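Written below as structure tokens is the structure these notes are about.
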Amino acid sequence: MTNTKDARRFWLMKSEPDECSIDDALAAPKSTVPWTGVRNYQARNFMRDEMKIGDGVLFYHSSCPEPGIAGIAEVASATRADPTQFDARSDYFDAKSDPEKPRWLLLDVKALRKTRLLSLAELREDPELADLTVLKRGNRLSITEVNASDWKRILQLLK
DNA sequence: GCCAACGTTGGC
DNA sequence: GCCAACGTTGGC
């Protein structure tokens with residue numbers, strides 16, 4: 001199987017470092033964390049339909065003093081139900097989700113390494129990254145695709 | 001804490 | 001199925 005449909009793809013995943021930073025992910029067993037709390041259908045569908053084990057992930061810190069890319073990770077599992085949707089004490093509880101037909105999914109993300117913080121400001125300054133989805137105005141999606149050339153460029157900036 | 005942008009909800 | 005109101009995200 002070598003057609004382009006099966007090529008490795010790349011993603012940017014936002015995490016609030018207060019909840020799960022790149023350090024937290026690296027400290028987890030097997031450096032792997034369940035990506036809990038996605039409550040947006042578009043992001044869920046990316047996980048369910050598009051993301052494959054081994055896909056590259058930019059681990060992005062959001063809602064924090066220094067937002068930006070903080071590490072490199074990879075997709076480490078297929079999707080399964082996100083258990084927090086059924087936990088009434090969880091911030092991510094969803095009373096409308098039927099356990100027989102879970103509305104929200106998660107997948108495992110394996111942290112590979114921490115990088116220097118490539119800040120949002122620095123990303124914006126790079127003309128080569130002009131089409132990076134996370135830089136687009138009004139973007140709020142917690143999972144966005146990164147094209148291969150932007151991925152390459154970002155790894156270069158992180159060297 | 002502000003607020004722009006965007007997704008979701010629910011009345012009709 | 002429209003769309004106004006409301007809630008959330010997330011940088012600043």
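Quick notes
- Annotation: of all residues in segment A:60-82 being out of contact with any strand residue (DSSP E or B) (no Cβ under 6 Å at 6 or more places or on another chain) and without any contact (Cβ under 8 Å) to a residue 40 or more places away in the chain, the one that is nearest to DNA strand C (Cβ to nearest atom) is A:65.
- For segment A:126-142, a residue qualifies if it is surrounded by 13 or more Cβ atoms within 10 Å (Cβ to Cβ) and assigned to a helix (DSSP H, G or I), and the qualifying residues are A:128, A:129, A:133, A:134, A:135.
- Filter pass, residue A:9 being touching a residue at least 12 places away in the same chain (Cβ under 8 Å), within 16 Å of DNA strand B (Cβ to nearest atom), open to solvent by 10 Å² or more (accessible area, probe 1.4 Å) and out of contact with any His (no Cβ under 7 Å at 6 or more places or on another chain): no
- Which listed residue is touching a His at 6+ places or on another chain (Cβ under 8 Å) and within 12 Å of residue A:59 (Cα to Cα), from A:112, A:117: A:117
- Taken as a whole, segment A:7-30 holds at least one residue that is over 19 Å from residue A:146 (Cα atoms), more than 15 Å from DNA strand C (Cβ to nearest atom) and outside any helix (DSSP H, G or I).
- Criterion (away from DNA strand C (no atom under 15 Å from the Cβ), over 23 Å from residue A:36 (Cβ atoms), under 17 Å from the mean Cα position of the chain (by Cα) and among the small types (Gly, Ala, Ser)) met by exactly one of A:148, A:111: A:148
- Flag if residue A:123 is at pLDDT 95 or above, within 15 Å of DNA strand C (Cβ to nearest atom) and not in a strand (DSSP E or B): yes
- Those residues of segment A:31-58 which are surrounded by fewer than 15 Cβ atoms within 10 Å (Cβ to Cβ), within 16 Å of DNA strand B (Cβ to nearest atom) and part of a loop (DSSP other than H, G, I, E, B), in sequence order: A:40
- Criterion violated by residue A:90 - all others in (1) touching a Gly at 6+ places or on another chain (Cβ under 9 Å); (2) at pLDDT 95 or above; (3) more than 15 Å from DNA strand B (Cβ to nearest atom) satisfied: (2)
- Selection status of residue A:145, part of a strand (DSSP E or B), modelled with pLDDT of 95 or more and of a type in the set (Asp, Glu): yes
- Within segment A:94-108, being assigned to a strand (DSSP E or B) and over 19 Å from the mean Cα position of the chain (by Cα) holds for A:98, A:101.
The values are calculated or read from the model by the stated rules, or taken from the named source; none is laboratory data. The structure displayed is predicted, hence computed values, not measured ones. Positions of Cβ are generated from backbone atoms using ideal geometry, with glycine treated the same way; all protein chains shown enter the neighbour counts. These accessible areas exclude ligands, DNA and RNA; they are computed on the full protein's heavy atoms, side chains included. Shrake-Rupley method; radii C 1.70, N 1.55, O 1.52, S 1.80 Å.
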